[in-house]
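Read through the structure below, which is laid out as structure tokens, and then see the notes.
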Amino acid sequence: MALKEELFNEIYAIDEANNAYMIEAALDSYTDIFSEWDPAPFKRRELDPDLQLYLENSADEIPQKYSIEVCFTLPPGSRDEVMEQEVRAGLRNSVDFKLYLLKREIRLINTRTARYVIAGLGTLLVARLAEPLDINVLTSVLTEGLFIGGWVFLWEAVSLFFFSNRDLYNRYRTHKRLRDAEVIFSESV
């Protein structure tokens, strides 16, 4: 375990002031944070896809028990306090929008899961009630088809609940950490 933490500490620096792991990125200008194809103001702009992937992967790698902060390094003499406030607001809005989309997707999957459970149990109930009516090959095949269909519905519900939802909840938790992370700007030396 000590070797793992030692390797981990080589990858990410710790901010001694607040004991948080720093996700560091060097910038040429503030515009590097956002997509160059999005002409909207910073407050509504999409994050640069590469930076977004880097931030998400880094926040996901750092265990939940540790706090994180996002540190951007700019060239000497290029810091602008007003621009930094706009960038912070833009970062927060972008992450908030991702959180909204993830919440919506989780809600849709939960609704679909409930529907599959109801359909599966209903199909199995109908199959069980139709079982005594097996008087010929056709009704026997239909009854078996209902049993199989019911189990398929239930399996799909289990698959959505345990596999798809887990990934979405992890992504949601990662984005929540990024939203709550302090954003720091500094100049390179």
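Worth a mention:
- Failed condition for SER58, given (1) surrounded by 19 or more Cβ atoms within 10 Å (Cβ to Cβ); (2) more than 24 Å from GLU16 (Cβ to Cβ); (3) among the polar types (S, T, N, Q): (2)
- Residues of region 117-169 that turn out to be under 30 Å from LEU101 (Cβ atoms), of a type in the set (Asp, Glu) and in contact with a helix residue (DSSP H, G or I) (Cβ under 6 Å, 6 or more places away or on another chain), as a count: 1
Residue-by-condition table, conditions (1) surrounded by 15 or more Cβ atoms within 10 Å (Cβ to Cβ); (2) within 21 Å of ARG45 (Cα to Cα):
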| residue | (1), (2) |
| --- | --- |
| ARG104 | no, yes |
| ARG112 | yes, no |
| LEU138 | no, no |
| TRP151 | no, no |
| ASN165 | yes, no |
| LEU178 | yes, yes |
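- Taking the conditions (1) within 30 Å of GLU86 (Cβ to Cβ); (2) at pLDDT 90 or above; (3) among the polar types (S, T, N, Q) in turn, SER188 satisfies each one other than (2).
- Within this structure, VAL95 passes the test of being crowded, with 16+ Cβ neighbours inside 10 Å, assigned by TED's automatic domain parsing to the domain that holds ARG45 and over 20 Å from PHE163 (Cβ atoms).
- From the list ARG177, ARG171, ARG128, ARG166, the lone residue that is of a type in the set (Lys, Arg) and touching an Asp or Glu at 6+ places or on another chain (Cβ under 8 Å) is ARG171.
- Identification of helices (runs of 4 or more DSSP H) wholly contained in region 43-162 with 3 or more residues that are farther than 18 Å from THR31 by Cβ and touching a residue at least 60 places away in the same chain (Cβ under 8 Å) yields 49-61, 81-130.
- In the set (1) within 24 Å of ILE33 (Cα to Cα); (2) under 31 Å from the mean Cα position of the chain (by Cα); (3) surrounded by fewer than 13 Cβ atoms within 10 Å (Cβ to Cβ); (4) of a type outside the set (D, E, K, R), PRO76 fails one condition alone, (2).
- If you go through region 19-37 and keep only what is in a loop (DSSP other than H, G, I, E, B) and surrounded by 14 or more Cβ atoms within 10 Å (Cβ to Cβ), you end up with LEU27, SER35.
The values are calculated or read from the model by the stated rules, or taken from the named source; none is laboratory data. Note that the structure is a prediction, hence the values are computed from the model and not measured. Counting neighbours? That spans all protein chains shown, and the Cβs are built from the backbone with ideal geometry, glycine included.
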